[in-house]
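Reading through the structure tokens given below for one structure.
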Amino acid sequence: MKLLGSPSASPQELAQHIEQIVIPMHEKLDTDEKILSGGIVAGARIITFIVDAASHDELDRLLMSLPGWGLMDVSVTPLQSFRDRIIISRQMAERLKSLK
């Protein structure tokens, strides 16, 4: 997730943005039980985190509940568990061995 903002904001407007949007969003991410891990990329306005969501809809609701939702450029990458990938990889290896 990348935070977007106006480069022409005054220091007072930027302080207000930080107090009303940035800090509440970080607090929500820090305390939400669905957020398994994450943090802020050092020196950048980019947030990365892992969410335990049962569905795309649940993830969408969580993201839309964040303060400043309309000010974010969001990229979602679904993860597959190592256990699931092991099963799939074993199946693929068996199929490949059977090819002649």
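Remarks
- Near pairs, Cβ below 6 angstrom, 6+ apart or cross-chain, from region 39-59 (closer than 16 Å to Thr77 by Cβ) to any residue that is hydroxyl-bearing (Ser, Thr, Tyr) and surrounded by fewer than 13 Cβ atoms within 10 Å (Cβ to Cβ): Ile50/Ser37
- When region 1-28 is limited to residues that are modelled with pLDDT under 85 and either charged (D, E, K, R) or under 11 Å from Gly68 (Cβ atoms) (or both), the one that is nearest to the chain's Cα centre (by Cα) turns out to be Met1.
- The residue of region 64-79 that is surrounded by the most Cβ atoms within 10 Å (Cβ to Cβ), among those that are free of Cβ contacts under 8 Å to residues at least 60 places away in the same chain and closer than 18 Å to Pro24 by Cβ, is Leu66.
- Residue list for region 52-70, restricted to those being part of a helix (DSSP H, G or I) and not hydrophobic (A, V, I, L, M, F, W, C): His56, Asp57, Glu58, Asp60, Arg61, Gly70
The values are calculated or read from the model by the stated rules, or taken from the named source; none is laboratory data. Fair warning: this is a prediction, and the values are worked out from it, not measured in the lab. For neighbour counting, all protein chains shown are included, and Cβ atoms are generated from backbone atoms with ideal geometry for every residue, glycine included.
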